[in-house]
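Inspection log for the structure reproduced underneath, given as structure tokens.
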Amino acid sequence: MSQPIDTAAGALPSAVAARRRRERLRHGAFYLALLALGLVAPLFVYPVFLMKILCFALFACAFNLLLGYVGLLSFGHAAFLATGGYVTGYLLASHPGLTPELGILAGTLAATVLGALFGVLSIRRQGIYFAMVTLALAQLVFFGYLQAPFTGGEDGLHGVARGELFGVISLRGNLSMYYFVFGVFLLGFLLIWRTVHSPFGQVLKAIRENEPRAVSLGYNADAYKLVAFVISAALAGLAGATKTLVFQLASLTDAHWHMSGEVILMTLLGGVGTLFGPLVGASLVVSLQHMLAQSPLGNWVDVVLGAIFVLCVLSFRSGIVGEAVKLYRKNFK
Amino acid sequence: MTTLLGVPIAVFMGQLTLGLVNGAFYALLSLGLAVIFGLLKIVNFAHGAQYMLGAFAALLSMRYFGTNYWAALVLVPLVIGGLGMLLERFLLRRIAHLDHLYGLLLTFGLALIFEGTLVNFFGVSGARYATPEALQGGLNLGFMFLPTYRAWVLVAALGMCLFTWFMIERTRLGAYLRAGTENAALMQAFGVNVPLLVTLTYGFGVGLAAFAGVLAAPLYPVSPTMGSSLLIVVFAVVVIGGMGSILGAIVTGLAMGVIEGLTKVYYPEAANTVIFLVMILVLLLRPAGLFGKEA
């Protein structure tokens, strides 16, 4: 254990308490700075690009809740992203009177239900089998969307209207849309932060570290895993639903297994099991794809992503945020 | 015309053979995955890409060196298997001491690299590889027409499965492999060169994938993406059968091919999803897999 034992002594010595206070202040300042950055960013960067980053960041955060805090590698998260997107897109495109927040809610709900189904099936197997089961189930969903009449098959679902939020605020402008997406991201992020820092989250980490021991302490590990899986699926669906509203389309790309691989890469690159890692990883991967698409190397995106994958696994397993935290701990504590 | 369960018998038998041929590929690929998993404990996500490389190696060596099919069938698995050994020696070995999920991620990255590179040079549309002359045409069995090449694929794939079974169950090297699967550390203590054994095992598994690739080249369009979608189906087959036994992998592979073929006859819409549905059923009724024992 790296934690000092002084917490066990009841009342904290004043020096320790002071250090804690300083640390909390520093954390607060850090969060506030990030919030301010998020609020002013669209004045300097193209809002649609930022929205894309935020949607993928939320997707990666949702995925990280499973891999980073429960130790479950899902290879099927694209299914939830796509379900959120398709359900929201279909409802908003076919019911012009529907407000966007209700559409997003419906998409998220659909992803949650699908997550419960996936979860019940996949947590029956462990480790490597878990990854294979989720991948196979997601492929089943992919074929479903390929053949279903309402998704538009290979062409995708187009013409989703952004509409008016609560029937009042128009989301047609990119700036108002951005602040809505930013709000959605904050909501999802706070939910994950709350989950990770709750007693429930502590049990999840215990299961990650040593499942048999958690079971022997009386915790129903499968039930905990299932709830975590459903939360993760719901947030991935929320990300997909929001993304559909931003781009006004839903396509099969989101359901393809490549997307499940991409979200793994974002999380791994940013830092598995860190709160901000997925945000950093998603920003980097989306920016990289954007830059490569405009360069002569445009066709080599998959190769570059694969190479980053290999490098991350071989020599950069804590990810950018993970390494930064290590560096900070070594030099400032 | 005679019918069977409402379907002309020729159609029925035709789909049954097609299913058996597909099943032979499932069996070969899941066997390779199982051999690698047994000793290395990783799932080789690059297996589909290595199968694709096998098909491409056959195609390109024919195009540029005039290598015929029979030579390719022997040489390509050796070359691609050798490439696999290099990957194991210089990449996989460095992460062998970590959580085995990292092996899955590393091989996934490799698969992206292989696939992406070939897409750049050859596009996604498939190329044709001519069926060798000796295997062209077919046999008229009276109740059905059996293309010679499909019959050969069945014989060759099952022969290779049998050869693998013999190697693992009946030779000294295979005994080492089985012992290493049980307890690698103890094997090392007895003086067996376990790292070498691991390299050979990975190379053998990759060689099996490449062999399947050469077999598939005259049958399906040779394209860079031919491996990845197949691999996901093979993963489902592996979940259904479990990776515990060789015989289990072969039987499950063939059975799933036949089920898929018959679904094509009776309910074509579900043909590409039926294996996943069987997987769900197995997970509900027998979570450890048909031949598996839960770790």
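When you go through A:T267, A:T274 one by one, which is the residue that is hydroxyl-bearing (S, T, Y) and out of contact with any Phe, Trp or Tyr (no Cβ under 8 Å at 6 or more places or on another chain)? Give the steps one after another, and end with the answer.
On the way: A:T267 fails: out of contact with any Phe, Trp or Tyr (no Cβ under 8 Å at 6 or more places or on another chain).
Result of the check over A:T267, A:T274: A:T274.
Go through the residues of the range A:38-49 one by one and say whether even a single one is of a type in the set (A, V, I, L, M, F, W, C) and at pLDDT 90 or above. Steps first, answer last, please.
First pass over the range A:38-49, keeping only residues of a type in the set (A, V, I, L, M, F, W, C): A:39-41, A:43-45, A:48-49.
From the residues that got through so far, the ones that are at pLDDT 90 or above too are A:49.
The answer is yes, given that some residue of the range A:38-49 is of a type in the set (A, V, I, L, M, F, W, C) and at pLDDT 90 or above.
Report yes if some residue within the range B:52-60 is more than 14 Å from chain A (Cβ to nearest Cβ), over 22 Å from the mean Cα position of the chain (by Cα) and not hydrophobic (A, V, I, L, M, F, W, C); otherwise report no.
no
Name, by its number, the condition in (1) within 13 Å of another protein chain (Cβ to nearest Cβ); (2) free of Cβ contacts under 8 Å to residues at least 12 places away in the same chain that does not hold for B:L33.
With (1) within 13 Å of another protein chain (Cβ to nearest Cβ); (2) free of Cβ contacts under 8 Å to residues at least 12 places away in the same chain applied to B:L33, the lone miss is (2).
Would you mind stating whether B:G227 is crowded, with 24+ Cβ neighbours inside 10 Å, within 14 Å of chain A (Cβ to nearest Cβ) and at pLDDT 90 or above? Working first, answer last.
Values: crowded, with 24+ Cβ neighbours inside 10 Å: yes; within 14 Å of chain A (Cβ to nearest Cβ): yes; at pLDDT 90 or above: yes.
Yes: the conditions hold for B:G227.
Out of curiosity, is B:A184 more than 30 Å from B:G126 (Cα to Cα) and in contact (Cβ under 8 Å) with a residue 60 or more places away in the chain? Before the answer, list the steps.
Numbers: more than 30 Å from B:G126 (Cα to Cα): yes; in contact (Cβ under 8 Å) with a residue 60 or more places away in the chain: yes.
Judged against the criteria, B:A184 is a match.
Here are the criteria: (1) in contact (Cβ under 8 Å) with a residue 60 or more places away in the chain; (2) in a helix (DSSP H, G or I); (3) buried (at least 17 other Cβ atoms within 10 Å of the Cβ). Tell me which single one B:V282 does not satisfy.
For B:V282, the exception is condition (1).
Going by the structure shown, is A:T244 crowded, with 17+ Cβ neighbours inside 10 Å and away from every other protein chain (no Cβ under 13 Å)?
Working: crowded, with 17+ Cβ neighbours inside 10 Å: yes; away from every other protein chain (no Cβ under 13 Å): yes.
For A:T244, the condition - crowded, with 17+ Cβ neighbours inside 10 Å and away from every other protein chain (no Cβ under 13 Å) - is met.
Find the helices (runs of 4 or more DSSP H) located wholly in the range A:112-218 whose residues include 3 or more that are within 14 Å of chain B (Cβ to nearest Cβ) and touching a residue at least 40 places away in the same chain (Cβ under 8 Å), and list them. Give the derivation first.
Details: elements: A:127-147, A:174-196, A:199-209, A:211-216.
Per the criteria, A:127-147.
Could you tell me how many of the residues in the range A:259-287 are in a helix (DSSP H, G or I) and within 14 Å of chain B (Cβ to nearest Cβ)? So that I can check it myself, show each step before the final result.
Step one: list which residues in the range A:259-287 are in a helix (DSSP H, G or I), which gives A:259-270, A:277-287.
Narrowing the set further to residues that are within 14 Å of chain B (Cβ to nearest Cβ) leaves A:259-269, A:281, A:285.
Summing the residues that are in a helix (DSSP H, G or I) and within 14 Å of chain B (Cβ to nearest Cβ) in the range A:259-287 gives 13.
The values are calculated or read from the model by the stated rules, or taken from the named source; none is laboratory data. Since the model is a prediction, treat every value here as computed from it, not as a measurement. Here the Cβ is made from the backbone with ideal geometry for all residues, glycine too, and neighbour counts use every protein chain on show.
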